[in-house]
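Since the structure comes first, as structure tokens, the remarks are kept for the end.
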Amino acid sequence: MYRFITQGGVVYTAYFIDISDSFGSDSVYTFSFDAVGKTVKDERVRITILKILNDFFQSVRNALLVVCDSADNREKSRFKLFRKWYEAIIEPEIEKVDVSMELGECVVYSSLLLSKKHPQADEMKNLFYEWVNMGV
């Protein structure tokens, strides 16, 4: 878990959760971050989150599964922002596989990120598609 405080006093917590058992492979995590306080657009937050993610991918065996939260109907905005952040990652060796699917009345946006050098990259992508087809 990571914690950082902006100059405006907003406290951010960023964390990874190991979901290897439910995904069916080793070293698979989800990532999320929360803010406590009135958030404002701050470029340093993006830079800090990207640094955390870059550090995570120093191990080519790690894979990251991202599901955009839909509780407030802002999942599409989160997905677009995450794509923009991904494109800003300095490390070009990270592959991103995106899916969107309708579940009832909402659309679920999800991504799998893994090193292009991951020893089981194809297997991981197949597991991701199977996981998606199970209805998340």
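Derivation of every value follows stated rules applied to the coordinates shown; laboratory data play no part. In this text the structure is predicted, and so the values were computed from the model without any measurement. Virtual Cβ from ideal backbone geometry, glycine too; neighbours counted across all protein chains shown.
Rule-of-thumb check for the stretch 68-111: C-alpha Rg over 2.2 N^0.38 Å?
On the way: Rg = 11.8 Å, N = 44, 2.2 N^0.38 = 9.3 Å.
Output field value: 1.27.
Label positions at D34 and S100, each projected 7 Å from the Cα along the C-beta direction, are separated by 2.8 nm. Just to confirm the number: angle between the C-alpha axis of helix 75-88 and the first principal axis of the chain, 0 to 90 degrees, nearest 10? Approximately 90 degrees, to the nearest 10.
FRET efficiency for the pair T13 and Y129, taken as 1/(1 + (r/R0)^6) with r the Cβ-Cβ distance and R0 = 22 Å, rounds to 0.10.
P(r) tail for the stretch 2-133, what percent of Cα pairs lie past 28 Å? Taking all Cα-Cα pairs of the stretch 2-133, the fraction more than 28 Å apart is 17 percent. Basic side chains Lys and Arg get +1 at the Cβ, acidic Asp and Glu get -1 at the Cβ, and with that the dipole of the stretch 31-134 about its Cα centre reaches some 440 debye.
Multiplying the sequence separation of S20 and R44 by 0.36 nm and subtracting their Cα-Cα distance, what value in nm do you get? Spell out each step's value before the answer.
Details: separation 24, 0.36 × 24 = 8.64 nm, distance 3.07 nm.
Length gained between S20 and R44: 5.6 nm.
Strictly over 21 Å apart at the Cα level, which of K76/K117; K51/K84; K51/K125; K96/K116 would you flag in this model? Beyond 21 Å: K76/K117; K51/K125. Within the same chain, aspartates and glutamates fewer than 8 places from K80 are excluded, and of the rest, those with a Cα less than 14 Å from its Cα are D69, D98. Between the helical axis of 121-133 and the longest alpha-carbon principal axis of the chain there is an angle of about 80 degrees. Give the residue from G9, V60, M124 lying farthest towards the positive end of the charge dipole for the stretch 2-133; charges sit on Cβ (+1 for Lys and Arg, -1 for Asp and Glu) and the dipole is referred to the Cα centre. It is G9.
The gain in end-to-end length when the E93 to F56 segment is fully stretched comes to 12.0 nm, 0.36 nm per residue minus the alpha carbon separation. Compute the separation of the alpha-carbon centres of the stretch 22-49 and the stretch 77-136 and state it in Å as a whole number. Using only Cα atoms to place each centre, the spacing works out to 15 Å.
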